[in-house]
Every structure is written in structure tokens, then in C-alpha cells.
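Quick notes on the structure that follows.
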Amino acid sequence: MFDFSIVTTWFDSLLRETLGLGDFLSILIECVLVGVFILAAYAMLAIVLIFMERKVCAYFQCRLGPMRVGPWGVFQVFADVLKMLQKEIFFVDKADKLLYLVAPFLVLIASVGTFSFMPWNKGAGILDFNVGIFLLTAISSIGVVGVFLAGWGSNNKYSVVSAMRGAVQMISYEMSLCLCLITAVVLTGTMQISGIVEAQSGPFGWLVFQGHIPAIIAFIVFLVAGNAEANRGPFDLPEAESELTAGYHTEYSGMGFGFFYLAEYLNMFVIAGVATTVFLGGWMPIHIGVAGVDSFMDCIPGIVWFLGKAFLLVWVLLWIRWSFPRLRIDQILKLEWKYLMPLSLINLVLMTVIVALGWYIK
Amino acid sequence: MEVRKPHIKSIPYAEFKDNESLEKIVNELHEGGVDVFVGSLDQAINWGRSNSLWSLTFATSCCGIEFMAVGCARYDFARFGFEVTRNSPRQADLIMCAGTITHKMAPVLKRLYDEMAEPKYVVAVGGCAISGGPFKGSYHVVKGIEEIIPVDVFVPGCPPRPEAILYGMMQLQRKVKIEKFFGGRNRKEKKPVVVTNVPEDFNK
Amino acid sequence: MKLENIQFELNVFAAEMAKLKNEKHFDFLVTIVGEDFGEEGLGCIYILENTKTHERMSVKAVNADRNEPYIPTVMHLWKSAEILEREVYDFFGIKFLGHKDMRRIYLRSDFEGYPFRKDYDMSADNNRYVLTDDPEPDYTFEYNLDKDGRLVATKRPLFGDEDYVINIGPQHPATHGVLRLQTVLDGETIKKIYPHCGYIHRGIEKMCESYTYPQTLALTDRMDYLSAMMNRHALCSVIEEAMGVEITDRIKYIRTIMDELQRLDSHLLFYGCCAQDLGALTAFIYGMRDREQVLNVMEETTGGRLIQNYYRIGGCQADIDPNFVQNVKKLCAYMKPMFKEYRDIFTGNVILQNRFKNVGRLSMEDAISYGCTGGTGRAAGWHNDVRKNHPYDMYGKVDFDEITYQNGDCFDRYMVRMDEMEQSIRIIEQLIDNIPAGDFYIKQKPIIRVPEGQWYTSCEGSRGEIGVYLDSKGDKSPYRLKFRPMGLPLVSALDDLLRGEKIADLIAVGATLDYVIPDIDR
């Protein structure tokens, strides 16, 4: 399996030894490069995801989706971005200017922050701490603040209602989201993302196989909670179009709205990515314990595995979003506090017992 | 630099109606003169704008149902990039005024138009929005929304067929494609100056 | 039916009306028709129905005082009177004594004059619009007579100090047009709803008074555009009845089939809008996809997709298309499996069931009192189908079920429509093979004059009873034409339905009530 750390170590040594730059300069250059990579990947993925959503939903609905801009409509999203970039941005009278201005950036920061945890390939994880999963959930919750401030700062009644909904919903679902991740941590024994992926390398080593029943429950709960956390249908209450026009971003135009729009799609990808990493082995190919098949699987690059699995989950999320009606706020909270949370707690206990007794696939 | 003739996929330029107004606008642009760099930038921006016209979901009566039909499986305006309909006027590019505007609705329409972010366009769909239509004689109907907000494209019909709405949207695309972003807007034609207080002995 | 009005004196009016309701069981107030009777004064005609025997009668109340006309209210007897009396006040300036909320409902609060009076100046100069916001008062008046017989007004506030008021509409995706619901909230919970209509009030009834009879037909399709055929059917019927025109069997068959096709069209759109309002866009597009098939069939004969202009006084505009019979059969065959698809993708969905069941319940008594006809009333168990109660055209001779449910919640309202679609197919299939030969149009005189008198005829529209009241003085244009809107009672019931529910339920209830705004505002 190709290890991307060869490239990174080579580049590091290129800067430090061949070019003789000091610690500070070489780290600075590396950071800048990585930053640029993250932002570029972020933007590209957003465009891919938006295009994917349009096409996928169109095909679900017996339509064609974008067809006229470029062959098969592939340039549609570029046109949208270009337009949105030079759309007028204005301030709402009597809005809280500072909060109004800061909110989209908070949402974007949370989304880029979690995005940089993605393990793209072997040795290509950008942020890889020993408390990686923990930090990831911490950063993702900044998004709540963004949503809340956007709603509050806009001086719009719909937005306020939406902000309250968003805050309540996102804080609630964070619970079961974290509990599911902890369930996985119990099995893998590490919070480091690269460690979690490595722990899934054995035959049928993906966590959903390895941890069988509790892991599958955790996986499904994670997807539901993650969908709610990303404010995607059927949990898109904060921006429930038919109730609150556009929810917390009703008053945003141009790129302010664009940031929310991007973040929404990337959050969906991040949820799919984290689910892939934790439950479906990240970039790890499927191994079945037969040497020939395993080595064939290893030939497929890790990034293909990662993106393949992540996009499969994205597709599932899209499928759900376009066919399910929206829940009501009390039903959403009931689902979380009465069903998902207790379920994840029991599940956590179950997983602990299974790990303690060694009843998982080794 | 020449302003290119707006091109719409699979429909030749000559088959569109009312090319004269477009040419008039183009000629006005030529008189101003644009350099190559700014002109190319304009073209890129216009490409983006014209292919991503998000409309405000604004429907007052019958035409709104036809507007819905345009969005659905058979006609599917997503093909052209008009797919996203926004409910918030801040995020919409055009207001497709589908239906009668009454006196009670007139301030609301004006306000919605004012709330939209530039660049914004208006398409008047159906007889009522154009002139009051069959309700012209009523005491409570605005005789054409052009009295309230500037209209870019008129789509006649009562209600217009979905094909007509699509054609109207293409006409709007053509209009957007010859817009000048750097250096003022040209899409609204100037109103003639009307002098009303002419002294009685003016002609003598 | 030709109206034989009973007239009560104003001082005993309320008591006599109470007697009619309580003793003779006239518990369904079909509509209140405000009318300018000229020299006689201003007044109202109340059309009542006994829901047991389906007997109908009409009561007339007139006040000769044109400057400060008043009539005692009946809103404590029939809940529907609340909004109907406000309508009369708005158009005629008749004040209803004891009515709790005497504000304008259609016109702006700073509108001057009462447009439906005969002496109102309709000229464009007198009717200019302004672009300033409506200076809406946050209080209302109640009028009563003091002991000297003078009108006194009592001021009442509409909102409390702590109320959080959100305007849902006039430009809102969930109101299906330009209805405005001024909603008082407590958090997410709805405390009170004040509906504001009139954002699409085009004055159709007033315009009809200056049109000849054939001209009036043109406007009906544009009221409730989803039951365009039925609107026109009702108006044609009332004129034909008044003139004593007997239509041929062929016309009856065609009209019945067209009405049912229109109902299918409307209910498919209802299904789509329900799905859209709840956020299930795929189901929405499936509904609209199949609606196009229905439109295809109608279009081939009528030439229109939405506004068909097909019926006319004495028949239809044109004979049916040669392929019509074949196409309708194809459509029926196509639609039947689709109903299963709708069940699979939307009706059976657990989220939908949770959103709809036990939400926005309307009891049968309330449904009758508010006059919520159509699917809304039938979901509450009220047998109100005009096709069954007052059969017209072929409905008396075909075999179909009147769908009723018991709970009156959103889910039942939804199911009534879903089941009605299958009944429509059933009706169409019974008729389509047997369309008799004959004239599709009975030639009328070039200038149609209707004999003097008052008539009221109704048809079953897509969302309730669409009735037309015609007062003729023997001229070539009607003296007063009034449509009974199907949606207005539904809107007036919103407040009762939703008090204590969540905002999201407003969307669900609004979607299942299935009102069309231009029909309410006319």
C-alpha cells in the first residue's frame, strides 16, 4: 500500500536539509502548503458535492438536472460560484453588525477545521493528534455558535426561531454523535485518527464487521445524528424552507450565504468522512484474510478507498434527504433524548462488555 | 472590444424574437467602448450570471402553478441552471412575478424587489403582471408591474405555457449576456424626459 | 335553486336565526351574500342548509339606512359567520352588532369607501394604489346599539404586550400564494392566528356586474384555477337553471368527466404540495409528473393547461377530441398503479404519519359550524358531498363512494383526497364508454338575458362546495353575482385548528386544508 508519508518526509527533508532552511521557515512553508491544499480540496469538494446533489436528486425525481452549462452540465456549479462571488453584499438595517459579519466565518471555520482531520491516505492525515476524535467533535461544535449568531444577529424573526431550533438540535445531537464515536474508541483503544484506521487493518477489520452488533448500531445512530448535526433533511429544521423561508441565513446574500451553502455540503461530507474513518476503515481496503485478494485490494490506492466509501455514504444521505419529509422540532428532540441517546448509552455499555470479554473479531 | 452576440445552446440567434432591443443595447455599449481585458472579465461574469439565475419563489395566482410545472419532471428548468429557487429575496437573482398584483400586494412587491441584492432581474409572467390582464377593469388591480418595478422580460399568456416561461428565461439569459458589469449598468433603458409645465405661448 | 327569501325584522333577527338553527336544525350556514338592494337599502342573504335533510333555505335581512347600516351578528350561532360578516363589512360597510372583530379583511385598512355598493366610483382615478405600507391598527372594534338606538364602538386590542408576532406570508412558500397569517407565538407554540386575505383580491364579483353573462364566464377559471371546470360548471348551471335551459345527456356526460379529470388534477397537485411543504421533494415531483398526464388529456379537448374556458352557457365550447375516449382510458390505466407508488413513497412514511396524525383536529360540529366543506369536512365525518346530497348532471346515476373519515386530523384530510382520486377514476370509467350522441352545445340567443329573480346553485369543487349566487333584474348582466369560496371557511378555521400547536403544524395543516388563495380572495 502506498504510504504518503514518503512524500511528506521527502519534502520535509528537502526543505530542512537540501535547502538548509531552519525549523521555523520549513514549518511555515509546510503549513502554508497544507493550508492551501485544505482550502483547495475544500472548494473542489464543495463543487463536486453540489453538482452531485443536483444530479442525484434529479435522477431520483425523473429529471435530468443541469444539462446546458458545459457537457452534461458539469460547469453548472462554477457558474453558480462565479455569480455568487460578485453578488451584492449588504448589511441589514438594525442588525448586530459584528455578529452578522462573524457568523458565516464561524460556520466555515468549524467546517474547515473538521475537514482537516480527514485521513486521505496512508500517511496523509493532516491533523493527527492523540486526542484526534475528541478535538474533532470539539471543533465541529463551533458551527452551532455560527448558526446561532447568524440567526440572532440578522434582526429577523424567522432567523431567531431558526437559530433557537438550530442550537437546540445541534447541541442535542452532539450527545449521541460523541457517544457513538466513544463506542468506536472503546474498541480501537485509541483516539488518534491514524490509530483508529490502523486498528481496522485485519481481516474483516472494519469496525462495523469487527464490532458486529454494537458497532452497526453505533454506525447507524452516528449517521442519523450526523445528518441532524449537519442540518440536512429530514432534520433540516433550522432552514426549513417551507416554514422559515431560509432560516438563519434568510438575511444573508452573496458570499455570506455562499459560506453557509458551502459549509452545509462540506458538513455532509465531513460526517460521511468521519463515519468512513471510524466505522468503515477510512482509507483501509477490505481484507478478508485470503492473501491474493488482500494484496489485490491493497493495489487500489487508499484515497480511492476513502473517497469511494465517503461518497457512497454521501449518496445514502442524499437519498434520505430527498425522499423523507421533515420532522417537527419536538419530534426531533424526542428522537434524540428518548431513543438515540439511551440507545447509544446502552450500546456503549454493550461494546465495553464485548471488548472486555474479547467477543469481537480479532 | 466587440460585445459578442449572445448565444443560447441549440437555438440560433435569428430564431429569437425581439433581437432589435438587444442590438440597441449592444450599440449603446459600443458607443461607450470597452477595453479587451475588462470586456473579457465581463464576459466571464455574464456567463456565470446568465447560467445561474436563481428565482425568488413568488407566485400570486395561476401562473405560479405553471411556474411549478416548469420546475417539475417534464419541463425541468434545472437543465438551464435556474434550478435553485430561493425563498429569501436576499439570495435570489430574479423575481419571477407570476400572477396578478393587486393594490394591497403592490407595496409588498416593491419591498421584495428592494430587498433583493444586485444584480437583480424581473420577469413579468402572464397577462396580469404585464398589464392587469383580464382584471384590467378592476378597482383593485395594478395595471402592469412595470409601474412599480423595472421589468426585463415579459412573458405573455394567461397563463403562459411552461415552454413560454422557458423561452422567457432564455431571453433573460441573452439580455444578461450582453450586460456591462464594469462601468455602469445598461440594462434599464432610460426614460424619456417629459416636460409637463410647458408655457402656453411656447410655440408662438 | 330559486331563492324564496324569508325576511326578518332586524330587532328579532338574531332570535329568529337562533330558532332556525336550534329548532329547525339549519346548522350549516352555506354563505352570507352581501347585497346592495338599491332603494331598499343594504342587506344580506343568508343561505342555510339542514345537514340532516339537506334542505336549503334563505333568509334576507335589510337595513334601509345607507349611512350607518347595521345588522345583528350571527357569529355566535355559526362560526363561519365571523369571517363572512367581515367580508360583508369590508365590501358593503354593513356593521354587524356584537361582532367581536369588525375590521376589514380584504382591502387595506386605509381603503376609502365600500366598493361593492352600487354608488361606488370604479374609475381608475378614484382607485390608485400607494406604495407605502398598510397602516394596520393593532386594535379592533365591536359595535353595539346603546339604549337610544345609536351605534357605539368598543375598542379591543388584538395583541398582548408579551406577544411575539410573526407574519407568515404574504410572500411565504407555505401559504400557497399570498395569504398572510399573523401568528402570535410563544416559543414555537401558536397562541393565535389572525388571517389577512385580499392580497390577490381582484374584485371579480364586482367586475361581473358590468359584464354580460358570457363575459362573466371568463373570470371563473381564474378564481380557483385548480377547479377551473367546477367553478365554471357552477356558474353555467345557475344561469342555465335561471333561464330554464335543458342540456343534453352528452353535455352532462362531458361535464361530469371533465369535472372528475379536474378533480384528479387538483388532488395530484395537493399530494405534491403536501410533500413539498413537508420537505419530501421527490414525492412532490412524482405527483406533478402524473399531473402532466391528466393535463395532456384535458388539453387535447380544451386547448388549455390550467385555464380551460371549456364550458359555456348551454353546453361546451367544442365537442370532445376524437381521441378523448381512448386517451382517458389510457390515463385511467396509467394512474391506477401510481396510487400504490404514492403510498409507498409518501403515505406510508413514518415521519409523515407522525407529522399528520392527531395534528390539527377539527371536530364534526366545528366543521359544520365553520362550513368547511369538501375533503376537510368529510375527514371529520360530515357527509357534505354536493354530488351526493344535491346530485347534478350524471352524479345521481353513477356509482361512487363518498369518502369520509372520522378523526378530522391532517392525516384523514390527506387520505380523503388520496381516496377520492381513486373514486374519480371509478366515475370516469363508468361514463367514458357510454357518452351518448347528441349536441355538445345548445344554441343560445346572441344576447343572453336572465329572468328576474335570485338563484343559488352549487357544485362540488376540488376542495369543497363552490356555489354561485345570482341576482338578476332581467338585464343582460347580473345585478349581483357572488361566489361561495371553498377556501374562506378553511382559513377562518385555522385559528381554532392550530391554537396550541407548533409552527411546523401550521405548515402541515395548511397543506392538508388545501386552500387556493385566489379562490378565497376572488
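Read the figures in this text as sums done on the coordinates, not as results from a lab. Treat the numbers as computed from the prediction; the structure is a model and nothing was measured. Positions of Cβ are generated from backbone atoms using ideal geometry, with glycine treated the same way; all protein chains shown enter the neighbour counts.
For region A:82-208, state the semi-axes of the equivalent ellipsoid (square roots of 5 times the eigenvalues of the alpha-carbon gyration tensor), sorted largest first and rounded to whole angstrom.
Working from the Cα gyration tensor, I get semi-axes of 36, 17, 11 Å.
Provide the descending list of Cα extents for region C:129-241 along its principal axes, expressed in whole angstroms.
That works out to 53, 49, 30 Å along the principal axes.
Please report the antiparallel percentage of DSSP beta bridges with both residues in region B:54-177, rounded to the nearest 5.
Bridges in region B:54-177 that DSSP calls antiparallel: roughly 5 percent.
So the label point goes 7 Å from the Cα of C:GLU4 along Cα→C-beta, right? Which residues of region C:241-258 then have their backbone N under 18 Å from it?
C:242
At q = 0.16, 0.21, 0.22, 0.24 Å⁻¹, what base-10 log of I(q)/I(0) does the Debye formula yield for region C:426-520 when every alpha carbon is treated as an equal point scatterer in vacuo?
Normalising to I(0) and taking log10 leaves -0.91, -1.05, -1.08, -1.14.
Shielding by partners for C:217-223, please: the mean number of other protein chain Cβ atoms within 10 Å of each residue's Cβ.
Numbers: counts 0, 2, 3, 0, 3, 10, 2.
Counting other chains' Cβ atoms within 10 Å and averaging over C:217-223 gives 3.
Which value in deg cm²/dmol, rounded to the nearest 500, describes the helix-derived mean residue ellipticity at 222 nm for the protein assembly as shown, given -39,500 (n - 2.57) per DSSP H run of n ≥ 4 and division by the residue count?
-15000 deg cm²/dmol
Determine, from the Cβ-Cβ distance of A:LEU345 and A:ALA291 and an R0 of 35 Å, the FRET efficiency 1/(1 + (r/R0)^6), rounded to the nearest 0.05.
Once rounded, the FRET efficiency stands at 0.30.
With each label point set 7 Å from Cα along the Cα-Cβ vector, what nm distance links C:ASP186 and C:GLN430?
Reported label-point gap for C:ASP186 and C:GLN430 is 5.0 nm.
Taking each residue in B:134-146, count the Cβ atoms of any other chain within 10 Å of its Cβ, then average. What number comes out?
Other-chain Cβ atoms within 10 Å of each residue's Cβ, averaged: 6.
Which percent of Cα-Cα pairs in chain A sits in each 20 Å bin, short to long?
27, 56, 16, 0
Where is the GNM fluctuation largest for chain A (alpha-carbon springs, 10 angstrom cutoff): A:TRP305, A:TRP206, A:TRP319?
Maximum among the listed residues: A:TRP319.
Return B:SER10, B:SER21, B:SER50 ranked ascending by Cβ neighbour count within 10 Å, so the fewest neighbours appear first.
Taking fewest neighbouring Cβ atoms as first place, the list is B:SER10, B:SER21, B:SER50.
Using the C-alpha gyration tensor of chain C, what are the square roots of 5 times its eigenvalues, in whole angstrom, with the largest one first? Could you put the intermediate results ahead of the total?
Working: eigenvalues 248, 176, 86 Å².
Semi-axis lengths for chain C are 35, 30, 21 Å.
If you bin the C-alpha pair distances of region C:1-111 every 10 Å from 0, what whole percents do you get?
Distribution as computed: 15, 49, 30, 6, 0 percent.
Could you give me the radius of gyration and the Dmax of region C:274-416, taking only the C-alpha atoms into account and expressing both in angstrom?
18.0, 50
So what's region C:181-279 giving for Rg/Rh, alpha carbon basis, Kirkwood Rh from the mean inverse pair distance?
1.12
With a Förster radius of 60 Å, plug the Cβ-Cβ distance of B:LYS136 and A:PHE129 into 1/(1 + (r/R0)^6) and report the FRET value to the nearest 0.05.
That gives a FRET efficiency of 0.25.
What is the magnitude of the charge dipole of the protein assembly as shown about its Cα centre, with +1 placed on the Cβ of each Lys and Arg, -1 on the Cβ of each Asp and Glu, and no other charges, expressed in debye to the nearest 20? Walk me through the numbers on the way to the answer.
Numbers: 111 positive and 130 negative charges, 210 e Å.
The dipole magnitude comes to about 1000 debye.
Taking every pair of distinct Cα atoms and averaging 1/r, then inverting, what Kirkwood hydrodynamic radius in Å comes out for the protein assembly as shown?
Kirkwood radius, the protein assembly as shown: 31.9 Å.
Quick one: if you stick a label point 7 Å off each Cα along the C-beta vector at C:ASN144 and C:ASP319, how many nm between them?
Once both label points are built, they end up 6.8 nm from each other.
Taking 0.36 nm per residue of sequence separation and subtracting the Cα-Cα distance, how much length would be gained by fully extending the chain between C:ASP110 and C:GLU300, in nm to one decimal?
Result for the pair: 63.7 nm of gain on full extension.
Under a crude label model (7 Å from the Cα following the beta-carbon direction), how far is C:HIS54 from C:GLU402 in nanometres?
0.5 nm
Can you sort C:HIS25, C:HIS99, C:HIS196 from fewest to most other Cβ atoms within 10 Å of each residue's own Cβ?
Going from sparsest to densest Cβ surroundings: C:HIS25, C:HIS196, C:HIS99.
Taking other Cβ within 10 Å of each residue's Cβ, how do A:LYS83, B:LYS9 sort, fewest first?
Fewest-to-most ranking of A:LYS83, B:LYS9: B:LYS9, A:LYS83.
Quick one: if the Förster radius is 35 Å, what FRET efficiency do C:GLU23 and C:LEU151 give, using the C-beta to C-beta distance and rounding to 0.05?
Working from the Cβ atoms, E equals 0.70.
Step through the table entries A:LYS97/B:LYS104; A:LYS122/A:LYS309; B:LYS110/C:LYS482, compare each Cα-Cα distance with 26 Å, and write down the pairs that go over it.
A:LYS97/B:LYS104; B:LYS110/C:LYS482
Is region B:54-177 best put as rounded, prolate or oblate by its Cα gyration tensor, with a ≥ b ≥ c the root eigenvalues, rounded for a/c under 1.5, and otherwise prolate when a/b is larger than b/c, oblate when not?
Numbers: a/c = 1.71, a/b = 1.27, b/c = 1.35.
Here region B:54-177 falls in the oblate category.
Based on the alpha-carbon gyration tensor of region A:1-86 and its eigenvalue square roots a ≥ b ≥ c, which shape applies: rounded if a/c is under 1.5, prolate if not and a/b is larger than b/c, or oblate?
Here region A:1-86 falls in the prolate category.
Local charge sum around B:PHE154 (other residues, Cβ-Cβ under 10 Å, Lys/Arg +1, Asp/Glu -1)? Numbers along the way, then the final one.
Values: positive: none; negative: B:ASP18, B:GLU146, B:ASP152.
Around B:PHE154, the charge tally is -3.
Kindly work out what percent of the DSSP beta bridges joining two residues of region C:6-138 are antiparallel, to the nearest 5.
For region C:6-138, the DSSP antiparallel bridge percentage is about 75.
May I ask which of B:LYS136/C:LYS476; C:LYS52/C:LYS397; C:LYS252/C:LYS388; B:LYS143/C:LYS443; A:LYS87/B:LYS136 have a Cα-Cα span longer than 27 Å here?
In this structure, B:LYS143/C:LYS443; A:LYS87/B:LYS136 lie more than 27 Å apart at Cα.
With Rg and the Kirkwood Rh both taken from Cα atoms, where does Rg over Rh land for region A:257-362?
With Rh from the inverse mean 1/r over Cα pairs, Rg/Rh is 1.07.
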